[in-house]
1. Can you go through 242, 312, 267, 249 and tell me which one is of a type in the set (D, E, K, R), buried (at least 19 other Cβ atoms within 10 Å of the Cβ) and part of a loop (DSSP other than H, G, I, E, B)?
2. Give me a count of the residues in segment 313-340 that are in contact (Cβ under 8 Å) with a residue 60 or more places away in the chain and out of contact with any strand residue (DSSP E or B) (no Cβ under 8 Å at 6 or more places or on another chain).
3. Taking strands (runs of 3 or more DSSP E) that fall entirely within segment 643-733, which contain at least 2 residues that are surrounded by 15 or more Cβ atoms within 10 Å (Cβ to Cβ) and among the polar types (S, T, N, Q)?
4. Determine whether segment 562-577 contains at least one residue that is loosely packed, with under 15 Cβ neighbours inside 10 Å, assigned to a strand (DSSP E or B) and within 30 Å of the chain's Cα centre (by Cα).
5. Of all the residues that make up segment 272-306, how many are in a strand (DSSP E or B) and surrounded by fewer than 21 Cβ atoms within 10 Å (Cβ to Cβ)?
6. Determine which single condition residue 593 fails, assuming it passes every other condition in (1) buried (at least 20 other Cβ atoms within 10 Å of the Cβ); (2) within 24 Å of residue 542 (Cα to Cα); (3) of a type in the set (Phe, Trp, Tyr).
7. Just to be sure I understand, how many residues within segment 596-642 are of a type in the set (D, E, K, R), over 21 Å from the mean Cα position of the chain (by Cα) and surrounded by 15 or more Cβ atoms within 10 Å (Cβ to Cβ)?
8. Taking the residues in segment 142-170 that are of a type in the set (A, V, I, L, M) and more than 20 Å from residue 193 (Cα to Cα) as candidates, determine which candidate is surrounded by the most Cβ atoms within 10 Å (Cβ to Cβ).
Amino acid sequence: MKFIRSNRPVTLLQLSSPLFISFLLVNAGSAAMAQEQPKTVKAGKKTTEAVSPVELKTMEVTEKSDRKLETASAEVALSPGGVSLVNINELHDRNVSSVADFFRYVPGVWATSQSGNDEVFITGRGSNLDANNFAGSGVKFLQDGMPVTAADGNNHNRMIDPLASSFATVARGGNAFKYGASALGGAIDFTSPTAHDSPTARLSLSGGSFGQFLGRGTVSKVFNDSFDGLLTLEGKEWDGYRDHNKQDRFGLYSNFGWQISDSVVNRTFVSYIKNNQQLPGQLTRAQFDANPYQASTQAIGGNYQLNTETERVANKTTWTIDDKSSFDVGFSFENQHLYHPIVDTVHFFPGDTADRFSLLVDSVQQDWGTSARYNLRLDSHELLLGVNYGTNSDKGGNYTNVGGMRGPMTNQITKEADNVEIFAQDHWHITDKWTLTPALQGVFAHREVNNARLPIPQDANFNVYSQGGNPSNDYSGINPSLGLMYNLTKSSSLYGNVSRLYAPPTNYNISDNITAGLNTTNLKAMEGTSVEIGTRGTQKLGNLNTVNWDLSLYYSWLNNEILSTTPPGGSAKAANFDNTIHAGIEGLIGGSFALDGKGTHTIKPMLTYTINHFNFDNDRNYANNALPAAPKYFLKGEAIYHHASGFFMGPTFDVVGKRWGDYANTYKIDAYGLLGMRTGWSNDHYKVFLEGRNLLDTKYVANTNIMNAATATDAMLNAGAPLSFYGGIEITY
């Protein structure tokens, strides 16, 4: 595997092979096992064995892990809107190669990988549906309550590794007030495992079609009453089902806990990710029909890549003041280096050899964040006061792209962003049945881009490199919210809420909106109002059967939604659109049903379904057209048979409706359906799985470019994965 890399020294490159990682983790696991073996003690002629503490520690770990999930589940149950809790430990018996697999059973979130690697398109409740979707805006990502998304709202440089977490909370739309998020798609908070809720050692190896190999291992230890630590190493190699589609990734995730006193706990998180991936580019309809798994000629000629190196350090302190109040404060710093050849040389006419436009981005992004939370239970009130502050700096430049190598710099670019989110929320338990949840959020933001165009030799050839400018602006908004919940039973409820949205533009939006000579941007913040009703719960049907459900219906009126457009012959241009509608139905239904009277044989079906209605509202150019990129509907489900011995097997399926590739609604992406199968076996120490995907070898479009009005000759299409098989094993000590 060969990538063109930047001239920056590569840290930990010698550790980036998954085979080396697997060897290291096997030995680490063996060492951990050796440490836990009972010691033999000779006393005279008698030989006795000291009692091993392993079993007791396992019991303690399980209890703490259950309490952690129970606390998160209780918080979700109090939310008067669409919030999902994903237990990531339950994803270890299937293939999870990117964050798109994590979102499979999360209603309301559409996530697809462009070509099977970590280049993932994510939209929540219709966020990020524009020509500038590479910014990945509209959803706020957090780890352990501290931001991963940059202060300006972009998620461009990297994606979360879901398997490095123990569970995650997905709060959709205005239900993300608890996290301070004002993004249209809400917030997703990934909670890291610690030594207190993890086994001593865990090793997993998986692989399958198209050269995929994943190696991951974790070692952890509670040293004494004061200190604990956990370390995870992971590696991925992938040849890809498309040409020019290789990926190699290495990740290190660790945390160290310090119990300062009975009431104060401090934890430090350190992570390092190096991810290199080739991008195969988009295809025209004719190219897709001829061979959907080929790379575009532009991707090969420009050696398209997305190479990132990320270092992150975070620290969080929790002070349990008394049995009714607590205070959390956290800090985070992240450094990201991006090397991104993305546009091949553009020529104006046949036979033209001049570089009229090409693009390679080489930059360093740094993000600082801090957050504080104060929780107080006061009579029938559960109060939350919080503040987030984040600042972001992105420095580097645009270069001409010479086959994936840097040519002359065309634009020197600096982006700065500051974001402050202040919020307050109260769960007021009016009675045992009724809970009122008022909330208020303030958003204060600064955005600034300094794009200095440099003179380069190609200027004599009338090149069209982007013009310079130094736009900046300040934004501020107040978002109130009011929710109401009625408890039908102890485990089921009805809810409703109304909330306001205020989301400033990202610096990517502002870069697309630069007007030469102006030091301000005319981009306004997106704002709007959303109403939502729904129900969720769990119901026992006898002693052995249960059914669970989650259903939300929402309708949002938005003003000044920011969408990047692509005028004919031009580059992306961000603009505000007066009125748009974002509405939908998000649902999940599942259960466990015994096939006999003992529970030896059970069937566990699950179905998530999402219906989207994302439209312009009497727009001067696009009338009431549907917004592109997101399908009209999608259903994802499975029906897995389980035996008490640990064996499981069953089908999986996807049904995805049509969508559009342009604002004009002239470029249609057809609906499709997929069939898969999962099987495996597990007990307390071992898991084995085998998974088949797209068993009918259906050719379909995973996602698409977005244009104003696309034609058949435009390069738009990214193919989804063909027939493929994956298997894996996990060993827990």
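The values are calculated or read from the model by the stated rules, or taken from the named source; none is laboratory data. The shown structure was predicted, so the numbers you read here are calculated from the model rather than taken from an experiment. Here the Cβ is made from the backbone with ideal geometry for all residues, glycine too, and neighbour counts use every protein chain on show.
1. Just one listed residue meets the conditions, 242.
2. 0
3. Numbers: elements: 647-656, 672-682, 686-693, 701-704, 717-719, 724-732.
Per the criteria, 672-682, 701-704, 724-732.
4. no
5. Of the residues in that region, 1 qualify.
6. Residue 593 satisfies all of (1) buried (at least 20 other Cβ atoms within 10 Å of the Cβ); (2) within 24 Å of residue 542 (Cα to Cα); (3) of a type in the set (Phe, Trp, Tyr) except (1).
7. Number of matching residues: 5.
8. The qualifying residue surrounded by the most Cβ atoms within 10 Å (Cβ to Cβ) is 150.
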